[in-house]
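*Asks:* Here it is, the structure, as structure tokens.
The values are calculated or read from the model by the stated rules, or taken from the named source; none is laboratory data. Note that the structure is a prediction, hence the values are computed from the model and not measured. Counting neighbours? That spans all protein chains shown, and the Cβs are built from the backbone with ideal geometry, glycine included.
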Amino acid sequence: MTDPRLAPVLDRIDTDLPAALDRLMTLLRIPSISTDPAFKAACDQTADALVADLATMGLEAAKRPTPGHPMVVAKSEGGAGPHLLFYGHYDVQPVDPLDLWDTPPFEPELQDGPHGKLIRGRGTSDDKGQLMTFVEAARAWIAVHGSLPLPVTFFFEGEEESGSPSLVPFLKENADELTRDLVLICDTGMVSPGVPSIASQLRGMLKDEFTITGPRIDLHSGHYGGPGLNPLKEIARIVASFHDADGRVAVEGFYEGVHEVPEELKRQWESCGFDEKAYLESVGYTKAHGEAGYSTLEQQWARPTLEVNGLWGGYQGAGSKTVIPSKAHCKITCRLVGDMDPDALRRKVRAHVEAQLSPDASVTWDNSLEGSRASVMDITRPEFETARQALSDEWNREAVFTGMGGSIPVAYYFKSILGMDSLLIGFANDDDAIHSPNEKYDVKSFHKGIRSWARVLAALSA
């Protein structure tokens, strides 16, 4: 049975779309690049703009200071049902290289695109456009009915694109205020255009870096070539030992805590509309190169990885310099799934490297330790199926539970610090070029994203 409260809200969203686009454009013009201190004032300005906008809707909104960029918190106590926390981030990535942009990144434009009209500019998809889908849905509910259909706390961060250094302390200090029944996060995408998606699992992350040292100084390759241990050869051999011929990580104990994908979920993934050929060809691949025995989506969403992100040493300048270098360096990251423990995994990876060392080679490790567990949502909670059905109704296509190859650490922090599950719904497309020049967000994603959140709010309050 259709909720009679919903139809006038959807009509309001449709009528108000031009004004909603104008409001988004205004927000996009503020260069809120969080990682560059030169844009600190712009981040403050963005937070102020959001507070002012939320206040026009009758919400109790405030800018909260942190040692870095401010948080924005707003509250609506109206309605009955589960109390929701909505999270988004207002900061954006740097725009370099600027010469690859077709239009100025902070002068957003409406343009024609492959899926209809689009908005071009930094932050359109990640995450201002997505954040505003929820704000506009709330605006329509309040305009039509005077309040939201259930209590909502809004929580906007300004440091997501620069490592969120203030987030964990802020969550701990404000746990009573921010702990709610469920978190809504709109910083994800659709598995393919027009296929509404709920991300039910996110991979975690482990970062590490090591240096192999051989001789105490760089050596003449004529005097020591042959008897001398070459750290570049040594590190190449060690890196090659990370994987076997089938693409499986060869570190002992690496797969502890990894679980196979349930058959029911795997069937959903197989029918979700993912175009493997287009996914691979878009970056110049002719085939998948990962772990044998698993589909491309399983490799991307549900299997752990160990990747070499940087490998260097020796002479890097023009021409030739005939040396055996003293040192060679490697940066690695691991994507984690299931119950993998980043601290335990770091010890296993380091033990593997140290066991491979030849005599006269030594290893030193970076001490800037970074690691976060994977996030796996409890999709048996009734709110997840309720939201999935609401999305299906809006898009006239069965919504699917998906995984994500990347990491959204805030979802892990909400679970580990505040004990809350996250409902991750986003409307980005793979071709949105987030973090890259010419970022865009489809107007269809923006419009139907607003309508989708309006339906989700109605369904969760029923």
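*Asks:* Determine the pairs where a residue that is over 14 Å from PRO105 (Cα atoms), located within the stretch 30-46, has a partner that is part of a strand (DSSP E or B) with Cβ atoms under 6 Å apart, the partner being 6 or more residues away or on another chain.
*Replies:* Every condition considered, the pairs that remain are PHE39/ILE33.
*Asks:* Got a sec? Which of ALA199, ALA240, ALA292 is closer than 17 Å to GLY405 by Cβ and aliphatic (A, V, I, L, M)? Full working, then the answer.
*Replies:* Details: ALA240 fails: closer than 17 Å to GLY405 by Cβ; ALA292 fails: closer than 17 Å to GLY405 by Cβ.
Answer to the selection: ALA199.
*Asks:* Sticking with this one: Could you identify the single residue in GLY88, GLY78, GLY113 that is within 28 Å of ALA458 (Cα to Cα), out of contact with any helix residue (DSSP H, G or I) (no Cβ under 7 Å at 6 or more places or on another chain), touching a residue at least 40 places away in the same chain (Cβ under 8 Å) and small (Gly, Ala, Ser)?
*Replies:* Details: GLY88 fails: out of contact with any helix residue (DSSP H, G or I) (no Cβ under 7 Å at 6 or more places or on another chain); GLY113 fails: within 28 Å of ALA458 (Cα to Cα).
Result: GLY78 is the single residue among GLY88, GLY78, GLY113 that is within 28 Å of ALA458 (Cα to Cα), out of contact with any helix residue (DSSP H, G or I) (no Cβ under 7 Å at 6 or more places or on another chain), touching a residue at least 40 places away in the same chain (Cβ under 8 Å) and small (Gly, Ala, Ser).
*Asks:* Going through GLN111, GLN201, GLN130 one at a time, which residue ends up being assigned to a helix (DSSP H, G or I), touching a strand residue (DSSP E or B) at 6+ places or on another chain (Cβ under 6 Å) and either surrounded by fewer than 24 Cβ atoms within 10 Å (Cβ to Cβ) or not acidic (Asp, Glu) (or both)?
*Replies:* GLN130
*Asks:* Let me spell it out: the conditions are (1) in a loop (DSSP other than H, G, I, E, B); (2) surrounded by 20 or more Cβ atoms within 10 Å (Cβ to Cβ), and SER192 meets all of them except one. Which number is the exception?
*Replies:* (2)
*Asks:* If you don't mind, there's one more thing I want to ask. If I filter the stretch 299-339 down to residues being part of a strand (DSSP E or B) and either of a type in the set (D, E, K, R) or modelled with pLDDT under 95 (or both), which single residue comes out as nearest to LEU202 (Cα to Cα)?
*Replies:* Here the answer is ARG335.
*Asks:* For ALA302, work out the one condition from (1) more than 21 Å from ILE408 (Cβ to Cβ); (2) in contact (Cβ under 8 Å) with a residue 60 or more places away in the chain; (3) of a type in the set (A, V, I, L, M, F, W, C) it doesn't fulfil.
*Replies:* Just one mismatch for ALA302, condition (1).
*Asks:* Looking at (1) in contact with a strand residue (DSSP E or B) (Cβ under 9 Å, 6 or more places away or on another chain); (2) of a type outside the set (Ser, Thr, Tyr); (3) under 21 Å from GLU160 (Cβ atoms), can you tell me which one ALA49 breaks?
*Replies:* For ALA49, the failing item is (1).
*Asks:* Shifting gears a bit: Of everything in the stretch 402-419 that's modelled with pLDDT of 95 or more and not small (Gly, Ala, Ser), which residue is surrounded by the most Cβ atoms within 10 Å (Cβ to Cβ)? Steps first, please.
*Replies:* Filtering the stretch 402-419 down to residues modelled with pLDDT of 95 or more leaves 414, 417-419.
If we keep only those that are not small (Gly, Ala, Ser) too, we end up with 414, 417-418.
Working: PHE414: 26, ILE417: 15, LEU418: 17.
This residue is PHE414.
*Asks:* Go through the stretch 249-292 and report how many residues are in a loop (DSSP other than H, G, I, E, B), assigned by TED's automatic domain parsing to the domain that holds VAL337 and within 20 Å of CYS330 (Cβ to Cβ).
*Replies:* 4
*Asks:* Still on this model: Hey, can you tell me all the residues within the stretch 118-127 that are in contact with a strand residue (DSSP E or B) (Cβ under 6 Å, 6 or more places away or on another chain) and either of a type outside the set (Val, Ile, Thr) or part of a strand (DSSP E or B) (or both)?
*Replies:* Here is the first cut: in the stretch 118-127, the residues in contact with a strand residue (DSSP E or B) (Cβ under 6 Å, 6 or more places away or on another chain) are 118-120, 122-125, 127.
Once the filter is applied, which keeps residues that are in contact with a strand residue (DSSP E or B) (Cβ under 6 Å, 6 or more places away or on another chain) and either of a type outside the set (Val, Ile, Thr) or part of a strand (DSSP E or B) (or both), the stretch 118-127 yields LEU118, ILE119, ARG120, ARG122, GLY123, SER125, ASP127.
*Asks:* Among the aliphatic types (A, V, I, L, M) and modelled with pLDDT under 95, is that true of ALA80? Step through it out loud before you land on a result.
*Replies:* On the way: among the aliphatic types (A, V, I, L, M): yes; modelled with pLDDT under 95: yes.
Yes; evaluated as a whole, the condition is true for this residue.
*Asks:* Hey, could you check the stretch 17-54 for residues that are assigned to a helix (DSSP H, G or I) and of a type in the set (Asp, Glu) and say which is nearest to ARG139 (Cα to Cα)?
*Replies:* Of all residues in the stretch 17-54, those assigned to a helix (DSSP H, G or I) come to 17-28, 37-54.
The next check asks that each one be of a type in the set (Asp, Glu); those that pass are 22, 44, 48, 53.
On the way: ASP22: 14, ASP44: 23, ASP48: 18, ASP53: 10 Å.
The residue in question is ASP53.
*Asks:* Taking PHE155, is it in contact (Cβ under 8 Å) with a residue 40 or more places away in the chain, within 22 Å of ASP442 (Cα to Cα), crowded, with 22+ Cβ neighbours inside 10 Å and aromatic (Phe, Trp, Tyr)?
*Replies:* Working: in contact (Cβ under 8 Å) with a residue 40 or more places away in the chain: yes; within 22 Å of ASP442 (Cα to Cα): no; crowded, with 22+ Cβ neighbours inside 10 Å: yes; aromatic (Phe, Trp, Tyr): yes.
Answer is no for this residue.
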